[in-house]
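Okay, so here's the structure we're looking at.
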Amino acid sequence: MNNILFIEHILSDKSDLGQQLSEQGYSVHSVNNAFDALIQMETTQLEAILLDFSVPKMDSFWVLVARQTRTPIIVLADSSSELERINALELGADDYLARPINVRELQLRLNVLHRRIQVPVNDTVNDYIGFDDTCYTISFADKSLVLTQTEYRLFKYLFERQGVVVTKEELQRRVLHKELGRFDRNLDMHISNTRRKLVKRNLPRELINTVRGQGYSFNF
């Protein structure tokens, strides 16, 4: 299900817009301040962010300027003011809609934004992924992710063997420098922690793919 973050002035379980989006198959997460918005942005894979411009301006501006996600933002405003629209776009909004909101139009705009940000994954990875061996940091597009030394080495080892299934035994020997015991779960724990950190930075956890009964592979 596609997740929509709705930053609105007054929270309401009976929000007409939220209800109509839910009927269209979206999962709507409503918040009314920048702090809760940033938490949702860090913990949820979002399709888009809808920002009600009636939210106190400091919160609205802060979210637009300081956002840490490439998720499209659509500003919802009470008027079609040209100045306000320009202001919103200058602050980083991707689109602007004045009330009354037509849900069908909003859905079409969401689809357009979704298509616009779609980039072939192979191109994205090859062009933007980078490694900093001194800080154990990977960079992906405009994001950076700091890992532990072991997590970093596991990720890089898999990346350098793209398209190849690497067995747990090989990873255990080459990266953890010990043999894989029958009940040893250290490797799985490091992989799980790395995936969790990827998700928190809105990066695809599926970059590290589990091949059942065989091991792991770097997956585009």
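Pop the C-beta distance of Q214 and E82 into the FRET formula with R0 = 45 Å and round what comes out to the nearest 0.05. Write out the running numbers ahead of the final one.
Working: r = 59 Å, r/R0 = 1.30.
The calculated FRET efficiency here is 0.15.
Jot down the radius of gyration and Dmax of region 121-218, Cα atoms only, both in angstrom.
In Å, with Rg to one decimal and Dmax whole: 13.0, 40.
Place +1 on the Cβ of every Lys and Arg and -1 on the Cβ of every Asp and Glu in region 121-218, take the dipole about the Cα centre, and give the residue among L207, N186, T167 whose Cα lies farthest towards its positive end.
N186
Looking at this model, which pairs from K156/K178; K143/K178; K143/K200; K168/K200 are more than 21 angstrom apart at the alpha-carbon?
Values: K156/K178 18 Å; K143/K178 32 Å; K143/K200 11 Å; K168/K200 25 Å.
Where the Cα-Cα span goes over 21 Å, the pairs concerned are K143/K178; K168/K200.
May I ask you to compute the full-extension gain from L11 to E23, defined as 0.36 nm times their residue separation minus their alpha-carbon distance, rounded to one decimal in nm?
Result: 2.5 nm gained on full extension.
Tell me, Y26, Y216 in order of fewest to most beta-carbon neighbours within 10 Å?
Ascending Cβ contact count within 10 Å gives the list Y26, Y216.
Suppose a student asked you for the relative contact order of region 121-218, using Cα pairs under 8 Å spaced at least 6 residues apart; what percent would you report? Provide the component values of the computation, followed by the final result.
Values: 114 pairs, mean separation 25.0, N = 98.
Normalised by residue count, the contact order of region 121-218 is 25 percent.
Could you line up M41, M189 from fewest to most neighbouring Cβ atoms inside 10 Å?
Working: M41 20, M189 12.
Going from least to most buried by this count: M189, M41.
Read-outs: derived from the displayed coordinates by stated rules, not from any lab. This one's a predicted model, so the numbers in the text were calculated from it and none came from an experiment. In this analysis, Cβ positions are derived from the backbone assuming ideal geometry, glycine residues included, and neighbour counts consider all displayed protein chains.
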